Amino acid sequence: MSKFFQKIQSQKYNPKLLGMVFNPFYFVRRALHQNMKELSSHITGKVLDVGCGTKPYEKLFTHATEYIGMDYDSPENRKIKQIDVFYDTKKFPFADETFDGIIFTQVLEHVFNPDEFLTEINRTLKKGGSILMSVPFVWDEHSQPYDYARYSSFGVAHLLKEHGFTIIEHRKSLNDIRVIFQLIACYIHKSLPFKNYYLKLLSYAILIAPVTIIGSILYRILPKNNDLYMDNIIVAKK
């Protein structure tokens, strides 16, 4: 793969100029990356990244002394070299109060047993430790069939408080017209008939890039809407 296409791939989770043209998830991933960067200083010491995948945000956590990525055990995940620890989706394979900070981004919607999951988050987090999480409010069904829920700001806040967490900061990411343009881009992306990677990129440049550009202009002049947004992003303490 040429350096040009490698550059496009490198902007998958932190899209910049090339991402505006070739990344159909430009708005949501750029906003998520920015929020994670701004809030990363809350996470220090020994850190667990739950549902880590390829650890796209690891480099943001410069205050971490140790960074452990954990994901559920599956043949697909066994191929991802960045995952350090596998678990059975129920009990975390760590002792009580092991971690100073825990991260879980775009994970909770894939958890069918949120009470058990958050109990494990609480159990393995030290007293006074922090979590940084994100979860969609508006998004299409994805990673099917393992997409179980959408959380309003009130719903996710209630869940966290019920499991012993105090919310420090709660952001609504993309609470403006970009949420509409992101959904249009996602609709086009999922409607494309091409399986060939290069044809998809060409289609993104022709069909999705104009949507992204228009959205990037309009959000600067149109009002925000706190009732319609893409993601909940939360910092909380135990």
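The values are calculated or read from the model by the stated rules, or taken from the named source; none is laboratory data. All values reported here derive from a predicted model rather than from experimental measurement. Every residue, glycine among them, receives a Cβ derived from its backbone with ideal geometry; neighbour counts consider all protein chains shown. What goes into the accessible areas is simple: the full protein's heavy atoms, side chains included, and nothing from ligands, DNA or RNA. Shrake-Rupley method; radii C 1.70, N 1.55, O 1.52, S 1.80 Å.
What the table shows:
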| item | result |
| --- | --- |
| Tensor-based shape of segment 1-92 (alpha-carbon gyration tensor, a/c under 1.5 rounded, otherwise prolate or oblate) | oblate |
| R0 of 30 Å, Cβ-Cβ distance Asp227-Ile168: FRET efficiency to nearest 0.05 | 0.85 |
| Simple Cβ-charge dipole of segment 1-152, Lys/Arg +1 and Asp/Glu -1, about Cα centre, in debye nearest 20 | 800 debye |
| Residue-averaged [θ]222 nm for the chain, counting only DSSP H segments that reach four residues, each worth -39500 (n - 2.57) | -10000 deg cm²/dmol |
| Gain upon complete extension [Lys127, Ala205; 0.36 nm per residue less C-alpha separation] | 23.2 nm |
| Cα-based shape type of the chain, given that a ≥ b ≥ c are square roots of the gyration tensor eigenvalues and the cut on a/c is 1.5 | prolate |
| Count, lysine Cα pairs under 16 Å in segment 6-145, 8 or more residues apart or across chains | 13 |
| Estimated distance in nm for a label pair at Glu97 and Asp140, the labels positioned 7 Å out from Cα along Cα-to-Cβ | 4.7 nm |
| Qualifying trypsin sites (Lys or Arg not before Pro) for segment 71-103 [loop in DSSP, other Cβ within 10 Å: at most 13] | Lys81, Lys90, Lys91 |
| GluC sites (Glu not before Pro) within segment 1-101: DSSP coil, no more than 12 neighbouring Cβ in 10 Å | Glu76 |
| Dipole magnitude (debye, nearest 20) for segment 88-238, charges at Cβ of Lys, Arg, Asp, Glu | 400 debye |
| Percent carbon-and-sulfur accessible area, the chain, ignoring ligands, DNA and RNA, probe 1.4 Å | 57 percent |
| Amide N proximity, segment 105-124 versus Tyr87 label position 7 Å along Cα-to-Cβ, cut-off under 12 Å | 116-124 |
| Farthest toward positive dipole pole in segment 1-115 [+1 Lys/Arg, -1 Asp/Glu at C-beta], among Pro75, Phe94, Ile43 | Pro75 |
| Å² per residue, accessible surface of segment 118-238 at 1.4 Å | 52 Å² |
| Loop-resident sites, segment 102-201, for chymotrypsin sites (Phe, Trp or Tyr not before Pro), counting at most 15 other Cβ within 10 Å (DSSP) | Phe112, Tyr146, Tyr148, Phe194 |
| Segment 91-174, dipole about Cα centre (Lys/Arg Cβ +1, Asp/Glu Cβ -1), debye to the nearest 20 | 280 debye |
| Computed FRET value (nearest 0.05) for Tyr198 with Phe154, which takes r as the C-beta separation and R₀ as 41 Å | 0.40 |
| Among beta bridges that DSSP assigns inside the chain, antiparallel share in %, nearest 5 | 45 percent |
| As computed over segment 100-230, the Cα convex hull volume per residue (Å³) | 132 Å³ |
| For the chain, with +1 on Lys and Arg beta carbons and -1 on Asp and Glu, the positive-most of His63, Ile234, Tyr151 along the dipole | His63 |
| Which of Gly129, Leu207, Ile188, positive extreme of dipole for segment 85-238 (C-beta unit charges) | Leu207 |
| For segment 59-107 and segment 7-44, distance of Cα centres in Å | 20 Å |
